[in-house]
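> Quick one: the structure is below, and I'll ask about it shortly.
What follows is calculated from the coordinates using simple rules that are stated; it is not laboratory data. Small disclaimer: the values here were computed from a predicted structure and weren't measured. Counting neighbours? That spans all protein chains shown, and the Cβs are built from the backbone with ideal geometry, glycine included.
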Amino acid sequence: MGNVPQLNTDETLRLPRPVVNEIGQSNGWFRSVVSALPAASRLAPVAYSFADQALAVGATFLANVMLARTQTKEEYGMFALSYSLFTFLAGLHNSALLEPCTVYGSGRYRNRFSEYLRLMVRINAFVGLLLSMVVLLVCLVLYWAAPQYVSLSLLGLGLTVGFLLSGSFLRRVFYLQRQPALAAQASLICFVTVACALWLVVKAHLLSGFSVFMILACGWIAAGLGLRRKLDIGRSGPSFLDLEPNYWREHWKYSKWVLSTAFVFQLTTQGYYWIVAGFVSVKDVAGLRAVQMLVAPMDQAFIAISFLVLPALAARFASNRIGSFLAFSKRYAVAVVAATTLFAFTVRIVGKPVMHWLYNGKFDDLAPMLYVLAFLPLVMGIGNTMNDALKATEHPKMVFYAYLCSGAATLLGGIPLVIRFGLPGAVYGMFLSATAYTCALAVSYFSTIYLKARH
């Protein structure tokens, strides 16, 4: 870590002037909006990050709404289960590649970023192809062994998962290059492509879970083709592994805990889709998904911030600026609490009419559950601030233990709640799992980082 130069306090939240000029030329209309804000040089990356996340998630949200409005609850429930599987695979991809790349690319290997990125591009392609083959193999096995469980949504996921994951990789690399405007531009291209394709498919009466996955893949293919030359791969040079022959040992030391986390992470929220499907019905899975989609924007907003916060925290830790690290973490936590509390009360006021408008009245009876679920981002958000801090200090095993506690709460408390109360029990179970997750992270954060830093 000695090769990491000293950074000034605001470096990770300020675009360098050459980059600002480049963005101003290629994204003049986008930048003109942000530049009107006060302290634009510091707020621009945050604004771009929010725009990126809103557009990226907006494409998926739009597809979900169209499916929920036009398909039966059973058909939409099958899509929700397939998308839950995608979330699991995305967690594996994030664990094996994106998080180690974020921490190491913005930390100890930032002086060899071009060489490092060339290696990560090849690994991303390999991981995407591997996961696609696994899903298609599962479809084939189900076709022969249990054809009633095969769905076109699952087949669509198998054909497109590599492209969907590559979209996440593309956006993350732009954050590592400190060009969040390019990440926002990629998401904009994807959103416009998806919106136009959805309109055509709906007009042709061809909308299905399969077509939605194909459309989402087309969106990220268009974004990749449009911005491929913006990647800071550099000219051909020495192999990163020749420069850092022990890299995979360091990579595995970090990613083994994050990868283990990906397997138990599903039990915190996504696992409840499968629990409801098994103990209640696929129709109720559609209801849970419809309600959860209205709460998801808050989660996505803090994912957007995390794309900026995690590299910032990693850089401070790598530079041994512990005081700045702790101060940054505190400000981040306060912002999360304030924003999630405001969001929960906003949902209580406008949640029901918004749900009625989006889903054409199909899920109006679930409004009481929406009011309760709106407070879930508050509990998860507090935990996520400590999650980022622990990852930045290269303590991913502590995050794994937190998700393990959450998974245990799901199995021991969540399943009985679903059996006893049905769909409302899933909402109560999510709160139970989230509370276990946040409490475990609090113990790890204060024992591993805060108290040691004070001494």
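> Could you give the distance between the Cα centres of the stretch 273-289 and the stretch 119-143, to the whole Å?
Comparing the Cα centres of the stretch 273-289 and the stretch 119-143, I get a distance of 27 Å.
> Additional query: When the dipole is taken about the Cα centre of the chain, and only Lys, Arg (+1) and Asp, Glu (-1) are charged at their Cβ, what size is it in debye, to the nearest 20? Present the calculation step by step, with values, prior to reporting the outcome.
Values: 36 positive and 18 negative charges, 171 e Å.
Magnitude of the dipole: close to 820 debye.
> Under a plain spin-label model, where a point goes 7 Å from the Cα along Cα-to-Cβ, how far apart in nm are VAL192 and ASP365?
Simple spin-label model gives 4.3 nm for this pair.
> Dividing the convex hull volume of the alpha carbon atoms of the chain by its residue count, what do you get in Å³ per residue? Please report the intermediate quantities before stating the final value.
Working: hull volume 67.8 nm³, N = 455.
For the chain, the hull spanned by Cα atoms encloses 149 Å³ per residue.
> Quick check of the Kirkwood formula: for the stretch 266-455, what is the inverse mean of 1/r over all pairs of different Cα atoms, in Å?
Values: mean 1/r = 0.0573 Å⁻¹.
For the stretch 266-455, inverting the mean 1/r across all distinct Cα pairs yields 17.5 Å.
> What is the fewest-to-most order of PHE174, PHE210 by other Cβ atoms lying within 10 Å of their Cβ?
Details: PHE174 23, PHE210 20.
Fewest to most other Cβ atoms nearby, the residues stand as PHE210, PHE174.
> Order of 186-196, 248-258 by packing, highest average Cβ count within 10 Å first? Could you put the intermediate results ahead of the total?
On the way: 186-196: 20.8, 248-258: 16.5.
Per-residue Cβ counts within 10 Å, averaged per peptide and sorted highest first, yield 186-196, 248-258.
> Could you list LEU137, LEU119, LEU164 so that the one with the fewest beta carbons within 10 Å of its beta carbon is first and the one with the most is last? Mind dumping the intermediate values first?
On the way: LEU137 11, LEU119 17, LEU164 23.
Ascending Cβ contact count within 10 Å gives the list LEU137, LEU119, LEU164.
> In square nanometres and to one decimal, what's the mean projected area of the convex hull around the Cα atoms of the stretch 41-256?
Values: hull surface 54.3 nm².
Average projection, Cα convex hull of the stretch 41-256: 13.6 nm².
> Which of the DSSP-defined H helices in the chain satisfy a minimum axial length of 30 Å, computed from C-alpha atoms, and a minimum mean Kyte-Doolittle hydropathy of 1.6? Mind showing how you got there, number by number?
Values: long enough: 40-70 (44 Å, 0.83); 113-145 (47 Å, 1.75); 152-176 (36 Å, 1.44); 180-203 (34 Å, 1.82); 282-318 (49 Å, 1.25); 322-359 (48 Å, 1.05); 423-445 (33 Å, 1.16).
Qualifying helices, which must be both long enough and hydrophobic enough, are 113-145, 180-203.
> Using the alpha-carbon centroid of each, what span in Å lies between the stretch 369-395 and the stretch 397-433?
15
> Measure up LYS283/LYS391; LYS230/LYS397; LYS73/LYS352; LYS230/LYS330; LYS283/LYS352 against 27 Å on the Cα-Cα distance and list the ones that go over.
Numbers: LYS283/LYS391 38 Å; LYS230/LYS397 34 Å; LYS73/LYS352 19 Å; LYS230/LYS330 34 Å; LYS283/LYS352 20 Å.
Cα-Cα > 27 Å for LYS283/LYS391; LYS230/LYS397; LYS230/LYS330; rest within.
> Continuing with the same structure: Could you put ARG331, ARG289, ARG229 in order, starting from the residue whose Cβ has the fewest other Cβ atoms within 10 Å?
Values: ARG331 12, ARG289 24, ARG229 7.
Arranged by neighbour count, lowest to highest, ARG331, ARG289, ARG229 become ARG229, ARG331, ARG289.
> Let me ask you something else. Treating the stretch 192-245 as a set of equal point scatterers at the Cα positions, no solvent, please give the Debye-formula log₁₀ I(q)/I(0) at q = 0.16, 0.25 Å⁻¹.
Reported log10 I(q)/I(0), two decimals: -0.61, -0.94.
> If you don't mind, there's one more thing I want to ask. Can you pull the Kirkwood radius for the stretch 50-100, inverse mean 1/r over Cα pairs, to one decimal in Å?
By the Kirkwood definition, the hydrodynamic radius is 12.4 Å.
> With +1 on each Lys and Arg Cβ and -1 on each Asp and Glu Cβ, and nothing else charged, work out how big the dipole of the stretch 266-455 is about its Cα centre, in Debye to the nearest 20. Let's see the in-between values first.
Working: 14 positive and 6 negative charges, 94 e Å.
Computed charge dipole of the stretch 266-455: roughly 460 debye.
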